[in-house]
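One structure is given below, encoded as structure tokens.
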């Protein structure tokens with residue numbers, strides 16, 4: 001869960017459109033700290049989803065989720081090594 005002023009996210013360029021699901025929050029936090037913004041982690045903070053509208057839990061869904069997660073990991077690794085032109 002990330003709480004901050006909208007202007008800060010806008011100044012950082014918003015969410016990276018190249019990341020489809022998974023790790024977009026990590027990317028935003030990395031850019032946040034790189035821009036010398038102050039962050040506090042509160043491990044006790046929680047968020048609950050009261051209604052779940054997820055698709056069925058088929059093997060195809062799990063496979064696609066795993067692929068998206070792997071893509072995000074590879075993309076961020078390249079992005080923060082300074083070589084991302086994906």
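The values are calculated or read from the model by the stated rules, or taken from the named source; none is laboratory data. What you see is a predicted model, and the numbers here were worked out from it, not measured in a lab. Please note: Cβ atoms are built from the backbone with ideal geometry, for glycine as well, and neighbour counts cover all protein chains shown.
Overview of results
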| item | result |
| --- | --- |
| Any hit, region 31-41, residues being part of a loop (DSSP other than H, G, I, E, B), under 21 Å from residue 74 (Cβ atoms), out of contact with any strand residue (DSSP E or B) (no Cβ under 6 Å at 6 or more places or on another chain) and modelled with pLDDT under 90 | no |
| Residue 21 surrounded by 11 or more Cβ atoms within 10 Å (Cβ to Cβ), in contact with a helix residue (DSSP H, G or I) (Cβ under 9 Å, 6 or more places away or on another chain) and modelled with pLDDT of 85 or more | no |
| Residue 74 farther than 19 Å from residue 18 by Cα and either loosely packed, with under 12 Cβ neighbours inside 10 Å or modelled with pLDDT of 75 or more (or both) | no |
| Out of 27, 66, 11, sole residue that is in contact with a helix residue (DSSP H, G or I) (Cβ under 8 Å, 6 or more places away or on another chain), surrounded by 10 or more Cβ atoms within 10 Å (Cβ to Cβ) and modelled with pLDDT of 90 or more | 27 |
